[in-house]
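The values are calculated or read from the model by the stated rules, or taken from the named source; none is laboratory data. Note that the structure is a prediction, hence the values are computed from the model and not measured. As a convention, Cβ positions derive from the backbone with ideal geometry for all residues, glycine included, and neighbour counts pool all protein chains shown.
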Amino acid sequence: MNDNNHIPHRLPPLIEVGDVILSTDILTECFCCDLDACGGICCVEGDAGAPLTLDEVGELENVLDEVWPDLSAAAQAVIDQQGVAYTDRDGDLVTSIVNGKDCVFTCYNEKGCCFCATEKAFREGRTSWCKPISCYLYPIREKRFAGGLIGLNYHRWNVCSEAVKRGRELNLPVYKFLRDPLIKRFGEEWYKELEGVAEALLSQKRKNDSSLRRATRPRHAKGKSSRFHPPSKCSKSRIFLRVFWGGRMGKTDAEDVPGISLNDKHQSCLLAAASSTICSRR
């Protein structure tokens, strides 16, 4: 059997760096916020506020007096009634919102562009705290699993289409665009490890793509052309998971790629996340 049949030409859906599982979309998709184009719509649209930790609720309460004049009268009324945060229908602690949309900490300039009031105060040197880490990390969404394991996923949202467009123009992957937030959340050493994993995986993918192109090049025999018929998307996904869990990255063992771990400790979480990731790509 031709060994080229076993060369994956797509990245595994998930990788593990330290105790963090990441969707590989974070390495391959491009993104760069374009505030002039979107007007800060991500702070307005949606049916719930920004996810918070208990510590962040305290930080919001600490800066409230400083940002209070920047908030709308409607936002001030909501805060007076229910505070800076509430528990949403999923049981998560989130920032309070106005009329089912705006975060209470939004403010607008004369052109109607939406800003975060706490970030604005921080950048003006009026406070020492910027904003919730969930906002800082967007479009990455964080999910906590049992045992201290953390999952990171790239969140696609049509209101960010201009950011995707600009990111592609700049060839700026999500993980590079969010370098500072990721370092703030997980530390510089972790981010360096992520860079190493990304470089190794993307380099391997380029080699595999090149091998696949050579392997699937049409061959002519007796006046007839032979065409390559790729497997269905579903079978590709199954092949890819088998390659990933089997410990092979093309002709390179997974253990040779830094940061990738396939031990049993995290297998159930990885499988659950991988299943949802692959379904979303169909």
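A quick yes/no check of all residues on (1) buried (at least 21 other Cβ atoms within 10 Å of the Cβ); (2) in contact with a Cys (Cβ under 8 Å, 6 or more places away or on another chain); (3) at pLDDT below 90:
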site	(1), (2), (3)
Thr106	yes, yes, no
Leu137	no, no, no
Arg141	no, no, no
Asn158	no, no, yes
Task: Hey, Thr28 of a type in the set (S, T, N, Q) and modelled with pLDDT of 95 or more or not - done: no
TODO: Determine whether Ala48 is of a type in the set (A, V, I, L, M, F, W, C) and closer than 22 Å to Gly151 by Cα.
DONE: yes
Open item on the list: Need a quick list: strands (runs of 3 or more DSSP E) entirely within region 97-196 having at least 1 residues that are farther than 18 Å from Glu56 by Cβ.
Closed with: 106-108, 114-116, 150-154
Open item on the list: Looking at Asp55, Asp80, can you tell me which residue is closer than 26 Å to Phe145 by Cα and assigned to a helix (DSSP H, G or I)?
Closed with: Asp55
TODO: Give Asp19, Asp55 a once-over and let me know the one that is under 24 Å from Leu182 (Cα atoms) and at pLDDT below 95.
DONE: Asp19
